[in-house]
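The values are calculated or read from the model by the stated rules, or taken from the named source; none is laboratory data. This one's a predicted model, so the numbers in the text were calculated from it and none came from an experiment. Note: ideal-geometry Cβ built from the backbone for every residue, glycine included; neighbour counts use all protein chains shown. For the accessible areas, the whole protein counts, side chains as well, though only heavy atoms, and no ligand, DNA or RNA atoms are used. Shrake-Rupley method; radii C 1.70, N 1.55, O 1.52, S 1.80 Å.
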Amino acid sequence: MNILEKLKTDFVIFDGGMGTLLQERGLKPGQSPEEWNITNSDIITSIHRSYFEAGANVVTTNTFGANPLKINNVDEVVFAAVQNAKRAVYKEGQYVALDIGPTGKLLKPLGDLDFNDAVNAFGVTVRAGDKAGCDLIIIETMNDPYEMKAAILAAKENSSLPIFATFVLDEGGKTMTGCDIPSMVAMLESLGVSALGVNCSLGADKLKEFVPEIIANASVPVIVNPNAGIPCIHDGKTCFDSTPDDFYIHMMDIAKMGARVLGGCCGTTPEHIRKVAQGLEGSEPKAVEKKSFTVVSSYSKACIFDKKVILIGERINPTGKSKFKAALRENNMDYIISEAVGQEECGADMLDVNVGLPEIDEVDFLTRAVKEIQSVSTLPLQIDTSDPKALESAMRIYNGKPLVNSVNGKEESMSAVLPLVKKYGGAVIALTLDEGGIPDTAEGRYKIAEKIVKRAEEYGIDRRDIIVDPLCLTVSSDKNAPRVTLDSIKLIKDGLKVKVSLGISNVSFGLPNRDFITSTFFSLALKDGLDAVIMNPYSTEMMKIYHAYNALMGIDENCAEYINFASDKKAETVAADTGITLEKAIIKGLKNDAKNITKQLILTTPPLEIVNNCIISALDTVGEAYEKGASFLPQLLMSAETANVAFDIIKENIKKDESSNKGDIIIATVKGDIHDIGKNIVKVILQNYGYTVHDLGKDVSPETIVEYAKKTGIKLVGLSALMTTTVPSMEKTINQLKSFDSSIKIMVGGAVLTPEYAEMINADKYAKDAMEAVRYAKYIYNN
Ligand code: B12
């Protein structure tokens, strides 16, 4: 029986932790656990064996870090690791999973690893594992869905092994990059994993809280491999607080909830696994319930096609827009990004992205446009192109489960588009036209829809991932056209049990006051069961219909959204304002806007005023949202980068006073802390006042700072720290500097510090901002 057959009928028990057991067997801190596959293969095999003996069905190879971005000899390590695990197998029903962990690098735009380079790196490990004969692949401990997608694609492109995939979650039930459970499940399932879930993170008791939500979203078996509680340090050693008995109690609850694959992660031992295996012996898992709702996702948001119609913004499309065409020809990505931001603000749930123009390289432009938009918008995207190459390239780098616009009933279209939807995951809009054109009856359109649904199912694409667009022709050229479209909506929904969407604006083409016609047609289509609409979110008429309809149909609880919309005067102004300020550009991460606005502002506003009134206040807003869990690391990073773009321009406009050196100052952000925007501002302002600043950078150790002070004899040091966790390292630096030379003066700053705290850690001066730093320097150097 292979692992997938077992999964159909039975619980599957995974092994537990490897690292802690290796430490017990003598692995020293800093030593590579992966090398032990070669140097201590018997120990590795005996650990695997102990897990099989405890009742595990699957052991994971000791290859968590066996990735070419971390080690050189991947082939050798992976081969040895798989052999070590296979040697531990002693009976039928015991399987070896190739373990794949994160690369340790952040993918662009959060870090500098290119998506396709990540796919290639994972590919090396997958090929080695496949060749060595593992039975399945487990991709685990991922905290970024984008990296997860890279690993899954690598697994699909380099093997045909079953793929299991698990994420880590924080206490709010999201990944580090803000991916929630519905979006995570949507992406993983559409990429075709055989089982999905969570590992590591919190202990079983905390992780348990999230299991019902995973199960409510997933149509494949759910995996839960928690740590043995939360790690703590005792006498310099990492310990875990969940005993096998305690772990067992929570894991039994998790099994009752419906999880089917159960095992452990850090700190769990064969004893933990034995308890779980014994507890499950003889019992049957809950049936895996196949879900019928349609869902697409971005890296952090899932869009579920439910009662409320999904608004798909149509503005990123050159058709009939001369300004947009010009932007495409001039390679003006800012224009496209501002359309994305504007539509999101006006209430779009998703964004259509179409950049097709004969004279541009669509493969390149569409791919870049998707990358740029997904770095500033959290909305799921609808990738809209008739070029299969452009579609493939954009789907590949898309971070989530996209909607594809579109496939139609022509053979050529189905055979080009459907395999891509299957491979990269996604839902797809199916247009009811084929070689015979657009039928002029609802029955004719139904037949084409049926043909596409059948074909998609042959490719293994679920019916719920087909969203039929029965096409809406213009009423001015055919008076019956809207009626046929409305009839088609009902017929297709009832007969095929699929969702229906419409690109709606076409209906009013050629008529004056188009909004009147389009929005009235929209209300009729809503009543006939429309699930999604491609429309102009800036259109007041359309938004009025949308909100009023939701209120009238009882799908807007307490009419709350309607009230918000109407009283916000959005009804009047929705079309108008996408005006962007520097503060807003930083909050949204719009670098080019930030650059252009700063260039304008600097002509009229003193540089420090821009820093204090725009840059710092914007970063404070972002920081607060981050603290509340309303935004995540990607947004924080984009905002920080945007602030830097603005500050670079300000810097150019602050002339250094080079007439004389008023004094030397060392400046650094302390060890463990990489926040340097504030420190850099302080540096530039001090230079501006004639001081020579020796910037030692960020994440600087106390030793380096003391060394530098010794070498140069400089008597004034500025230290920056922005986190409660790094203030102790500031204190350490102060102590070391003072014990080297008690006459050195130290000024400190950074968001978490207070004057009282600064005094407590022996700093000579707390500076709340850059000007305070200048005043202190003047005082010290007496100038
Ligand atoms: C931008 C930012 C980032 C950027 C930093 C980019 C960069 N190159 O600096 C990125 C995205 C990389 C980042 C990462 C992280 N961040 Co951060 N980040 C921020 C944010 C939003 C703004 C900081 C900032 O630049 N402010 C603007 C500058 C101008 O202000 P400032 O630094 O205070 O500087 C002024 C004064 O304090 C003073 N000053 C500052 N330094 C000095 C030095 C001297 C000598 C003097 C005299 C004066 C002085 O003068 C400056 C000018 O007026 C803050 C929130 C906030 N409101 O502070 C969170 C914040 C600091 N980050 C936080 C966290 C948790 C993190 C991460 C751990 C997130 C994660 N999960 O990975 C990582 C930390 C990584 C690490 N090891 O350091 C938390 C810290 C919580 C805490 N209490 O400890 C904060 C407070 C957000 C929050 N509210 O939760 N972050």
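Couple of notes before you dig in:
- For the stretch 451-468, the criterion of a residue being over 35 Å from the mean Cα position of the chain (by Cα) and free of Cβ contacts under 8 Å to residues at least 12 places away in the same chain is satisfied by no position.
- Total residues in the stretch 323-347, condition touching a residue at least 24 places away in the same chain (Cβ under 8 Å) and part of a helix (DSSP H, G or I): 15
- Subset of the stretch 340-364 [more than 22 Å from the chain's Cα centre (by Cα) and either among the aliphatic types (A, V, I, L, M) or over 22 Å from Lys301 (Cβ atoms) (or both)]: Val355, Gly356, Leu357, Pro358, Glu359, Ile360, Asp361, Glu362, Val363, Asp364
- Residue in the stretch 709-729 that is within 11 Å of the ligand (Cβ to nearest atom), open to solvent by less than 50 Å² (accessible area, probe 1.4 Å) and assigned to a helix (DSSP H, G or I) present: yes
- Criterion: among the hydroxyl-bearing types (Ser, Thr, Tyr) and closer than 30 Å to Met148 by Cβ - qualifying residue of Ser488, Ser508, Ser501, Ser476: Ser501
Residue-by-condition table, conditions (1) open to solvent by less than 50 Å² (accessible area, probe 1.4 Å); (2) aliphatic (A, V, I, L, M); (3) within 10 Å of the ligand (Cβ to nearest atom); (4) outside any helix (DSSP H, G or I):
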position	(1), (2), (3), (4)
Lys732	no, no, no, no
Gln736	no, no, no, no
Ser743	no, no, no, yes
Val748	yes, yes, yes, yes
Glu759	no, no, no, no
Ala763	yes, yes, yes, yes
Lys768	no, no, yes, yes
Val774	yes, yes, yes, no
Tyr779	no, no, no, no
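- Within the stretch 55-71, the set of residues being within 19 Å of Ala154 (Cβ to Cβ) and open to solvent by less than 10 Å² (accessible area, probe 1.4 Å) comprises Thr61, Thr63, Gly65, Ala66, Asn67.
- Residues of the stretch 327-342 that turn out to be open to solvent by 10 Å² or more (accessible area, probe 1.4 Å) and of a type in the set (Gly, Ala, Ser), as a count: 1
- Here Gly320 clears all of (1) within 23 Å of Val533 (Cβ to Cβ); (2) of a type outside the set (A, V, I, L, M, F, W, C); (3) in contact (Cβ under 8 Å) with a residue 24 or more places away in the chain except the condition numbered (3).
- Check on Ala646, within 12 Å of the ligand (Cβ to nearest atom) and at pLDDT below 85: no
Quick grid of which residues meet (1) buried (at least 24 other Cβ atoms within 10 Å of the Cβ); (2) in contact with a Gly (Cβ under 6 Å, 6 or more places away or on another chain); (3) at pLDDT below 95:
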{"residue": "Ala150", "(1), (2), (3)": "yes, no, no"}
{"residue": "Ser159", "(1), (2), (3)": "no, no, no"}
{"residue": "Thr175", "(1), (2), (3)": "yes, no, yes"}
{"residue": "Pro182", "(1), (2), (3)": "no, no, no"}
{"residue": "Ala195", "(1), (2), (3)": "yes, no, no"}
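- The stretch 657-677: number of residues that are out of contact with any Leu (no Cβ under 6 Å at 6 or more places or on another chain), near the ligand (Cβ under 8 Å from one of its atoms) and open to solvent by 40 Å² or more (accessible area, probe 1.4 Å): 2
- From Ala594, Ala630, Ala625, residue being within 15 Å of the ligand (Cβ to nearest atom), over 20 Å from Gly750 (Cβ atoms) and in a helix (DSSP H, G or I): Ala594
- Qualifying positions in the stretch 129-146 - without any contact (Cβ under 8 Å) to a residue 60 or more places away in the chain, outside any loop (DSSP other than H, G, I, E, B) and open to solvent by 10 Å² or more (accessible area, probe 1.4 Å): Asp130, Lys131
- Filtering Phe52, Phe14 for residues that are at pLDDT 95 or above, under 27 Å from Pro221 (Cα atoms), open to solvent by less than 10 Å² (accessible area, probe 1.4 Å) and over 34 Å from the mean Cα position of the chain (by Cα) leaves a single hit, Phe52.
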